[in-house]
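Some notes on the structure that comes next.
The values are calculated or read from the model by the stated rules, or taken from the named source; none is laboratory data. Just so it is clear, the structure is predicted and the values come from calculations on it, not from any experiment. Positions of Cβ are generated from backbone atoms using ideal geometry, with glycine treated the same way; all protein chains shown enter the neighbour counts. Side chains included, ligands, DNA and RNA excluded: accessible areas come from the protein's heavy atoms. Shrake-Rupley method; radii C 1.70, N 1.55, O 1.52, S 1.80 Å.
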Amino acid sequence: ILLKIEKNTDFKLVQVVIGSKNSSHSNLVEVILGENSNLEHGFISLGDNEASLIANLAITQDIKSNYSLISIHEGWLFSRFEPHIIQTQGKAKTTLKGLQVGNKDQQLSTYSNVIFEGPEGELNQLNKAAAKKNSHILFNGQIEVPRIAQKTQAAQLSRNLILSKRAQIDTKPELKIIADDVRCTHGATVSQLQEEELFYLRSRGIGSDQAYSLLLEGYYKEILSQIPLYSTRWKILNNLLSREIE
């Protein structure tokens with residue numbers, strides 16, 4: 001798919017990729033954002049059984065453009081998601097929010113790359129993951145700030161939940177900074193659901209499974225509530241929660 005968004009245009013796009021049985025999906029979306037244009041992009045991928053997914057996004061942003069991506073990946077035996085964003089002249093804004101939910105023997109990976117080729121660019125990135133049973137989730141987020149990209153402001157955070165003793169999460173936020181007048185931060189956390197929070201809910205008459213789901217609901221909603229198409233949000237959330245308590 002090649003999408004060219006003209007100058008001063010606002011656009012919303014939601015892609016939904018469904019995998020079943022042993023199907024295999026491979027797709028590339030290339031987007032060119034013109035000056036002062038705005039794209040709200042939702043990428044929802046839901047697999048099942050032994051389905052696999054390879055997806056690439058190639059985003060080019062002109063000056064003063066705004067690109068927002070909400071991505072969700074769940075249910076694939078294997079998936080690899082690679083968003084690549086280039087701010088060609090600076091003074092653009094990029095927002096990336098992603099959620100990966102792994103179960104059984106699934107392996108889900110996200111490799112993002114954001115390149116600033118002009119000054120005064122902005123990035124706000126949050127990637128969340130929840131791994132259960134024997135699943136393995138990977139995140140690698142790379143930010144490149146060359147000398148020309150002075151006054152860049154970039155923030156990247158990876159937050160992860162391990163829901164099983166056998167689950168694995170590998171996370172690697174990465175900064176490559178040559179410019180000397182920037183504000184860039186990155187960080188990563190890996191934790192479990194807090195026993196204190198579960199105990200608090202159970203002590204107020206909420207069952208163990210329901211308490212577990214309520215905490216995950218709050219964790220997921222920070223990403224799901226940003227999907228551009230409102231009517232799809234809670235159906236996806238209910239599907240995720242029902243699988244978590246199986």
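Quick one: is Lys165 open to solvent by 50 Å² or more (accessible area, probe 1.4 Å), charged (D, E, K, R) and more than 25 Å from Ile85 (Cβ to Cβ)? First the steps, then the outcome.
Numbers: open to solvent by 50 Å² or more (accessible area, probe 1.4 Å): yes; charged (D, E, K, R): yes; more than 25 Å from Ile85 (Cβ to Cβ): yes.
Criteria met by Lys165.
Which of (1) of a type outside the set (D, E, K, R); (2) under 26 Å from Ala179 (Cβ atoms); (3) open to solvent by 10 Å² or more (accessible area, probe 1.4 Å); (4) part of a loop (DSSP other than H, G, I, E, B) does Asn134 not meet, given it meets every other one?
(2)
Among the residues of segment 43-53, how many are open to solvent by less than 10 Å² (accessible area, probe 1.4 Å) and assigned to a strand (DSSP E or B)? Let's see the steps before the verdict.
Of all residues in segment 43-53, those open to solvent by less than 10 Å² (accessible area, probe 1.4 Å) come to 43-45, 47, 51, 53.
After this cut, where a residue has to be assigned to a strand (DSSP E or B) as well, the list is 43-45, 53.
Of the residues in segment 43-53, 4 are open to solvent by less than 10 Å² (accessible area, probe 1.4 Å) and assigned to a strand (DSSP E or B).
Let's see how each residue does on (1) open to solvent by 50 Å² or more (accessible area, probe 1.4 Å); (2) assigned to a loop (DSSP other than H, G, I, E, B); (3) farther than 17 Å from His73 by Cβ:
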| position | (1), (2), (3) |
| --- | --- |
| Leu108 | no, no, no |
| Glu120 | yes, yes, yes |
| Ala130 | no, no, no |
| Leu157 | yes, no, yes |
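If you check Lys104 against the conditions, is it touching a residue at least 12 places away in the same chain (Cβ under 8 Å) and at positive phi? Spell out the reasoning first.
Values: touching a residue at least 12 places away in the same chain (Cβ under 8 Å): yes; at positive phi: yes.
So Lys104 fits the description; yes.
Mind telling me which of the residues Ser112, Ser37, Ser71, Ser20 ends up being among the hydroxyl-bearing types (Ser, Thr, Tyr), farther than 21 Å from Arg159 by Cβ and buried (at least 19 other Cβ atoms within 10 Å of the Cβ)?
The match here is Ser37.
Which of the following residues is of a type in the set (Asp, Glu), part of a strand (DSSP E or B) and within 19 Å of Tyr111 (Cβ to Cβ): Glu40, Glu30? It would help to see each step written out before you state the result.
Numbers: Glu40 fails: within 19 Å of Tyr111 (Cβ to Cβ).
Only one candidate passes the filter, namely Glu30.
Which residue pairs have Cβ atoms closer than 7 Å, lie 6 or more positions apart in sequence or on different chains, and pair a first residue in segment 128-142 that is on the phi > 0 side of the Ramachandran plot with a second residue that is of a type in the set (Ser, Thr, Tyr)?
Lys133/Ser164
So that you can scan it fast, the table gives a plain yes or no per residue for (1) modelled with pLDDT of 75 or more; (2) open to solvent by less than 40 Å² (accessible area, probe 1.4 Å):
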site: Asp209; (1), (2): no, no
site: Ser213; (1), (2): yes, yes
site: Glu217; (1), (2): yes, no
site: Lys221; (1), (2): yes, no
site: Pro228; (1), (2): yes, yes
site: Ile236; (1), (2): no, yes
site: Leu240; (1), (2): no, yes
site: Arg243; (1), (2): no, no
site: Glu246; (1), (2): no, no
